[in-house]
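Participant: My questions will all concern the structure given below.
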Amino acid sequence: MQINVQAIVDALREECGKPASPIYSFHVYAEMLQCSLRNGIMPKSVLEIGPGASLGSLLCFAAMGCERVAGVELSKIEKPSTEFISLLCDYLAAVSGFRWWRSYAADSQESTVNYPNLWDNVVFQQIANKVDCRDGTPIHEMPFQDNAFNFAYSIAVLEHLSNPEKSISKLFSVLQPGGITVHEIDLRDHDLDDIGRSRNHPLAFLNISKSDYDQGPVEQYSKDKSLSNRLESAWGNLGVWCNRLRRSDWEALFDSAGFTDVSTEVICQVDRDLVNRDAMVEPFQSKEIDDLTAVVIRLTARKAAPTM
Ligand SMILES: C[S@@+](CC[C@H](N)C(=O)[O-])C[C@H]1O[C@@H](n2cnc3c(N)ncnc32)[C@H](O)[C@@H]1O
């Protein structure tokens, strides 16, 4: 049978961009696992903040053998369906890699395989029960014990926090000493394309006073306003409210919550020439230019372990 690899790649590219898809889930998991390992932490107890449309990446952490896997999500979130779990399971088995020589070894009469394919024997329906996600709950009210997790992450969530100081301080409490936290933060205007502002410029919302912005055609995530119904266009013509904190604000906030080794990588930046500070309102107008060019960042921070 002739396989059309290009068609497979095209389909994967499309699915990667859909937050409710098992493939997106796997990519979030893989990237976050890598970030954690790069910082010397093997995730054992994992917290995802704002999983949004699916619990798929938490399922992957459960499948890799984490002892504890939990989430906190402001809006309602459905338990993973049997169909979703079975697709995720198949996909993980398909991408687990190096299968050819392992299955070759397994076929050999004389050998015993001590290194099974990572995902083939995972019973996903049981794993699903391991995921402890508290929905309808904002971060600052998450009911987890102090020092519960050695790794915590979020993707495109922190820019939506209406209570960032309290939220980051709560995150500090639930992280274990020595633990790592990683957050991808989208600092762009989340106006909708059909309103047009953000299509013109990702920093357009920095030109608007706080009161005008807060009253503008934007709506906040809430218990009833979820990512899933936004993707189904149930928010109508409303953009999504953001707290408009910049890269330096996030670094300062994590520092003052007690985290150490706070660092940010810029994932996406706009050209300096396209930043028009004169058009901006305060406090944005007084920011350093490099602070304004960063529009998507990944922030990493550690809760220091006590010194002996
Ligand atoms: C843009 S979505 C991202 C969802 C998911 N991380 C993803 O990558 O698809 C932002 C999510 O953050 C959640 N959220 C916003 N404020 C929150 C808060 N204070 N506590 C917990 N979740 C929050 C929203 O309900 C929404 O599901």
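Participant: Take the Cα gyration tensor of the chain, multiply each eigenvalue by 5, square-root it, and list the three semi-axes largest first, rounded to whole angstrom.
Facilitator: 36, 24, 19
Participant: I want the local charge near residue 22. Using Cβ-Cβ distances under 9 Å, sum +1 for each Lys or Arg and -1 for each Asp or Glu among the other residues.
Facilitator: Numbers: positive: none; negative: 15, 90.
Computed value for this residue: -2.
Participant: Right, another one. Once the piece of chain linking residue 123 and residue 12 is laid out straight, how much longer is it, given 0.36 nm per residue of separation minus the C-alpha distance between them? Present the calculation step by step, with values, prior to reporting the outcome.
Facilitator: Working: separation 111, 0.36 × 111 = 39.96 nm, distance 2.45 nm.
Computed gain between residue 123 and residue 12 is 37.5 nm.
Participant: Here is a follow-up. Largest first, please: the extent of the C-alpha atoms of the range 202-308 along each principal axis, to the nearest Å.
Facilitator: The Cα atoms of the range 202-308 stretch 56, 37, 25 Å along the principal axes, largest first.
Participant: Treat every Asp and Glu Cβ in the range 5-302 as -1 and every Lys and Arg Cβ as +1, leave all other atoms uncharged, and give the resulting dipole magnitude about the Cα centre to the nearest 20 debye. Kindly include the intermediate steps, with their values, before the conclusion.
Facilitator: On the way: 28 positive and 42 negative charges, 101 e Å.
Dipole magnitude for the range 5-302 comes out near 480 debye.
Participant: Pick from 64, 32, 142: which residue has the top mean-square fluctuation in a GNM of the chain where Cα pairs under 10 Å get a spring?
Facilitator: Its mean-square fluctuation being the largest, the pick is 64.
Participant: Neighbouring Cβ atoms within 10 Å as the yardstick, rank 72, 123 fewest first.
Facilitator: Sorted ascending by nearby Cβ count, the order is 123, 72.
Participant: By how many degrees, between 0 and 90 and to the nearest 10, does the Cα long axis of helix 5-16 differ from the longest principal axis of the chain?
Facilitator: So the helix axis and the longest Cα principal axis differ by about 50 degrees.
Participant: A 22 angstrom limit on the alpha carbon distance is what I want to check against. Which of 225/303; 79/225; 170/303; 79/130 exceed it?
Facilitator: Values: 225/303 32 Å; 79/225 17 Å; 170/303 12 Å; 79/130 12 Å.
Pairs exceeding 22 Å: 225/303.
Participant: Name the residue, out of 51, 138, 217, whose mean-square fluctuation peaks in a Gaussian network model built on the chain with Cα pairs under 10 Å.
Facilitator: Greatest mean-square fluctuation among the candidates belongs to 217.
Participant: A further question follows. With springs only between Cα atoms under 10 Å, which of 246, 188, 13 fluctuates most in a Gaussian network model of the chain?
Facilitator: 13
Participant: So for 185, 85, fewest C-beta neighbours within 10 Å to most, what's the order?
Facilitator: 85, 185
Participant: While we're on this one: I want the local charge near residue 298. Using Cβ-Cβ distances under 10 Å, sum +1 for each Lys or Arg and -1 for each Asp or Glu among the other residues. Mind dumping the intermediate values first?
Facilitator: Working: positive: none; negative: 31, 184, 265.
For residues surrounding residue 298, the net value is -3.
Participant: Can you give the helix-only mean residue ellipticity at 222 nm for the chain, where every DSSP H stretch with n ≥ 4 adds -39500 (n - 2.57) and the sum goes over all residues, rounded to the nearest 500 deg cm²/dmol? Can you show the working numbers first?
Facilitator: On the way: 12 runs with 107 residues, N = 308.
Rounded to the nearest 500, it is -10000 deg cm²/dmol.
Participant: Could I ask something else about it? Residues with beta-carbon under 14 Å from that of residue 226, excluding residue 226: net charge, scoring Lys, Arg +1 and Asp, Glu -1? Write down the numbers at each step before the final one.
Facilitator: Values: positive: 76, 223, 225, 230; negative: 73, 78, 135, 219, 224, 232.
Around residue 226, the surrounding residues sum to -2.
Participant: In what order do 241, 235, 250 fall by count of nearby beta-carbon atoms within 10 Å, going from fewest to most?
Facilitator: Listed from fewest to most nearby Cβ atoms, that is 235, 241, 250.
All of the numbers you see were taken from the coordinates with simple rules; none came from a lab. Values in this document were obtained by computation on a predicted structure and should not be read as measured data. Quick reminder, even Gly has a Cβ in these numbers, built from the backbone with ideal geometry, and neighbours come from all protein chains shown.
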